[in-house]
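Data first, discussion second: the structure below is written as structure tokens.
The values are calculated or read from the model by the stated rules, or taken from the named source; none is laboratory data. If you're wondering where the values come from, they're calculated on a predicted model, not measured in any experiment. All Cβ positions, glycine included, derive from the backbone under ideal geometry; neighbour counts span all protein chains shown.
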Amino acid sequence: MTRAKRLRAVVAGALAVPAALAGTGGTAGAVVSPAGTATSATTLAQVRSSIGADTGTAAGLTGKGVGVALIDTGVAAVPGLPAAQIANGPDLSFESQAANLRYLDTYGHGTHMAGIIVGNDTTSGSKGIAPDVKLTSVKIGTATGAVDVSQMIAAIDWVVQHKGDDPANPIRVLNLSYGSGGSTQTWTDPLLFAVQKAWKAGIVVVAAAGNNGNAAGALTNPALDDSILAVGATATNGTATTADDTLAPFTNLATGTTGQVDLLAPGTSIASLRDPGSNVDNLYPDARVGTTLFKGSGTSQATAVVSAAAALLLQAKPAATPDQAKDWLVKGGTGLTTGTEKTLGLAALNVNGALARTGTAVAAPTVQLSSGIGSLQGARGTASLTLDGVKLTGERTIWGSFSTSQWAKSTTPAWSGGLWLGYRLAGDDWTGTSWAARTRAAGTWTAAPWAGSAAAGWSDPAWSGRTWSGRTWSAGTWSGRTWSSDGWSATAWG
């Protein structure tokens, strides 16, 4: 056994670290609601009614023929996720180097997002908003959500290059329930450059606004990019009508008119698929709804709802461009009539409203695009990992050095088989094995960690004890890890 690695998320830059393991301060952009919030579950049937997906033209749409990429913490083999609808793209998380954890959702977040989009739980009757979508999971987060912005950029690059791998279900939507700690100049930021490349490639990028609260002053990166679709959350207040919907107080809002939320969707106590034995499942048993569902609140959940709605729209209008899809979804929304949401002119998602606008011409938007040549550390911001006490900083990925200028200006695809910028991250083709219908082959990381040597590798004895057996975890705790974060304040599930 190689020496133990203590990989520590000083500030988790994307996917939430549970509140029990977190400090205070920092930025947020991915998961859940203010601690102490306890409300009754909002079912996906209620969500469907709230967004108008169960009436009119929308009622006949299922997302069939549309691919959605989910860059998150992986998806678990729970009964409510039909294997035929799931493909596992490359696992780019630290857990990819442990065969018993590869592709699987040890945290519980990605499974919750997948359930909102494509779930079909026969036990509870809960069904995703777009149940016939083909969902491609690209795992980047570990059991506590630890991830670096460089993993996110590599994942987006992969989705862009492989969007057509399944010709019957090309990837048209990218769900990013993610937010980094960075706030660099938008005109040079490399993460924004990555999402803009996806948008230009014909992919509707849907990103979570963040969970710092209405007074945050800015959305998280990359939702702050005006060229993509930034999503905030509403509280449905237990009804199927938007007449009494209110802006969720945890949703980030920006000052000024740029970098603002584009669209609101239900995001409070959403009941989606439970990942039994995952980290959040163990930490928040009160969030369980029956045996198969779990409550979660945040702009993450709202983002998944909008991603599914975008898939419905693209099923109906397969030739639509991302600019058209965004315009129709935003302008087809239902304006809210009270409070800050009225003042800002924010609208709640209305699928039939979007469909009704599909004959409307859409002018090319005027937005400032990123050159991508800015600092990777700036995109990372305060969201730095540490390994054996050494912080990951500067112009390097978790695998090695990185030149944003060379990457952004290159005319050569970033991925070649399982190599990203020359670093071996995954296998070269779709020959891997997992519970899903299709799986990208795994790869052994050969680059030296930023702390230690290549000989020490990426192994960690804490991972070896976590085994997925059937549909439940055989190990129920994560006490073997030493993690810390101050980037996910006031978060909880329930």
Given the condition polar (S, T, N, Q), at pLDDT below 95, on the phi < 0 side of the Ramachandran plot and surrounded by 14 or more Cβ atoms within 10 Å (Cβ to Cβ), answer yes or no: does some residue in segment 403-424 qualify? no
Residue list for segment 95-140, filter: at positive phi and hydroxyl-bearing (Ser, Thr, Tyr): TYR103
Restricting segment 249-287 to residues that are in contact (Cβ under 8 Å) with a residue 60 or more places away in the chain and assigned to a strand (DSSP E or B), the residue that is farthest from LEU44 (Cα to Cα): LEU263
Count of segment 288-301 residues which are outside any loop (DSSP other than H, G, I, E, B) and surrounded by 24 or more Cβ atoms within 10 Å (Cβ to Cβ): 7
Taking into account only those residues within segment 199-212 that are out of contact with any Asp or Glu (no Cβ under 9 Å at 6 or more places or on another chain) and outside any loop (DSSP other than H, G, I, E, B), which is surrounded by the fewest Cβ atoms within 10 Å (Cβ to Cβ)? LYS200
Against the definition (part of a loop (DSSP other than H, G, I, E, B), crowded, with 19+ Cβ neighbours inside 10 Å and not basic (Lys, Arg)), how does GLY372 come out, yes or no? yes
Every residue from segment 61-118 that is surrounded by fewer than 24 Cβ atoms within 10 Å (Cβ to Cβ), of a type in the set (S, T, N, Q) and assigned to a loop (DSSP other than H, G, I, E, B): THR62, ASN100
Within segment 345-361, is there a residue that is closer than 11 Å to LEU313 by Cβ, among the basic types (Lys, Arg) and free of Cβ contacts under 8 Å to residues at least 60 places away in the same chain? yes
Failed condition for LEU293, given (1) modelled with pLDDT of 95 or more; (2) under 20 Å from ASP226 (Cα atoms): (2)
Go through segment 335-356 and give me each residue that's modelled with pLDDT under 95 and over 25 Å from the mean Cα position of the chain (by Cα). GLY335, LEU336, THR337, THR338, GLY339, THR340, LYS342, THR343, LEU344, GLY345
Against the condition charged (D, E, K, R), in contact with a strand residue (DSSP E or B) (Cβ under 8 Å, 6 or more places away or on another chain) and within 30 Å of ALA76 (Cα to Cα), how does ASP166 come out, does it pass? yes
Looking at segment 426-473 only, could you name the residues that are modelled with pLDDT of 60 or more, over 28 Å from HIS162 (Cα atoms) and either β-branched (Val, Ile, Thr) or surrounded by 13 or more Cβ atoms within 10 Å (Cβ to Cβ) (or both)? TRP450, ALA451, GLY452, ALA456, GLY457, SER459
Within segment 119-141, residues more than 25 Å from THR62 (Cβ to Cβ) and part of a loop (DSSP other than H, G, I, E, B) come out as ILE140, GLY141
Could you say which residue among SER307, SER371, SER300 is in contact (Cβ under 8 Å) with a residue 60 or more places away in the chain and over 20 Å from VAL133 (Cα atoms)? SER371
How many residues are part of a loop (DSSP other than H, G, I, E, B), in contact (Cβ under 8 Å) with a residue 40 or more places away in the chain and either acidic (Asp, Glu) or surrounded by fewer than 23 Cβ atoms within 10 Å (Cβ to Cβ) (or both) if we restrict to segment 142-170? 8
Note: among SER272, SER278, just one is out of contact with any Cys (no Cβ under 8 Å at 6 or more places or on another chain), of a type in the set (Ser, Thr, Tyr) and modelled with pLDDT under 95, namely SER278
Assuming SER269 fulfils every condition listed in (1) over 16 Å from GLY210 (Cβ atoms); (2) surrounded by fewer than 24 Cβ atoms within 10 Å (Cβ to Cβ) apart from one, which condition is it? (2)
Name the single residue that is farthest from THR382 (Cα to Cα) among those in segment 171-207 being free of Cβ contacts under 8 Å to residues at least 60 places away in the same chain and aliphatic (A, V, I, L, M). ALA201
Tell me yes or no: at least one residue of segment 213-235 is in contact (Cβ under 8 Å) with a residue 24 or more places away in the chain, in contact with an Asp or Glu (Cβ under 7 Å, 6 or more places away or on another chain) and in a loop (DSSP other than H, G, I, E, B). no
